[in-house]
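First up is the structure itself, then whatever we jot down about it.
The values are calculated or read from the model by the stated rules, or taken from the named source; none is laboratory data. Note that this is a predicted model, so its numbers are computed, not measured. Cβ placement follows ideal geometry from the backbone for every residue including glycine, while neighbour counts extend to all protein chains displayed.
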Amino acid sequence: MSDDEQQDNVAPSPEPPPPPKGVPADFPDLRGWGGLRKVKREVKRSATIMANREAIAWELLAMGSTKITDIMSWDEHGNVQVKPSNKIDERNIGMIKSIKQTFDKEGRMSSFEVTLYDRVRLLQVLAHAAGLLQKETDEDKPSVVGVTLRGPKEKRKPKTYDNKGD
């Protein structure tokens, strides 16, 4: 049988199935990559982040600009007062990580603790996203093209050693 006859007898490969729900039609087929479920999950998460990146950026900016005085106040005697939740701006409430109250045996509040998210870490994330923390590249720095080392110009006579005992 000739090569042409063998090619005519080969069945055409079937069309790939349509992409799963939530995956764009122009997305490449991921079968055979191993861990397909994980790849699909990452792509879906990435697509969600890309679709909402402006809202995420605004939320991070709002959290990064929150000050402790937006949530509580204190006087010169050290009396701390947490603002009522309806008096705290919505963008500042997102910065509160936890609130903890403890009571003594008589049922009176003995301590009140408000924990905020790490502002320094949040600002690092923002700076990184804005490209402010990128390392300097070596593209603009001069590079060494070549190095030539030359020995002395005078010729020396090689030393010879005698195996005879002295």
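In the range 64-75, which residues are under 16 Å from T115 (Cβ atoms) and under 28 Å from the mean Cα position of the chain (by Cα)? Walk me through how you get there before you give the answer.
Step one: of the range 64-75, the residues under 16 Å from T115 (Cβ atoms) are 66-68, 70-72.
Residues satisfying the conditions are T66, K67, I68.
How many residues does the range 56-75 hold that are out of contact with any Lys or Arg (no Cβ under 6 Å at 6 or more places or on another chain), part of a helix (DSSP H, G or I) and either in contact (Cβ under 8 Å) with a residue 12 or more places away in the chain or surrounded by 11 or more Cβ atoms within 10 Å (Cβ to Cβ) (or both)?
Count: 10.
Would you check which residues across the range 100-123 are exposed (fewer than 14 other Cβ atoms within 10 Å of the Cβ) and either among the aromatic types (F, W, Y) or out of contact with any strand residue (DSSP E or B) (no Cβ under 7 Å at 6 or more places or on another chain) (or both) and list them?
Passing the criteria: F103, K105, E106, G107, R108, F112, D118, V120, R121.
Here are some residues: K97, K67. Which one is in contact with a strand residue (DSSP E or B) (Cβ under 8 Å, 6 or more places away or on another chain) and closer than 30 Å to A129 by Cβ?
K97
If you take the residues in the range 76-99 that are under 31 Å from the mean Cα position of the chain (by Cα) and loosely packed, with under 10 Cβ neighbours inside 10 Å, which one is modelled with the highest pLDDT?
Per the stated criteria, the residue is S98.
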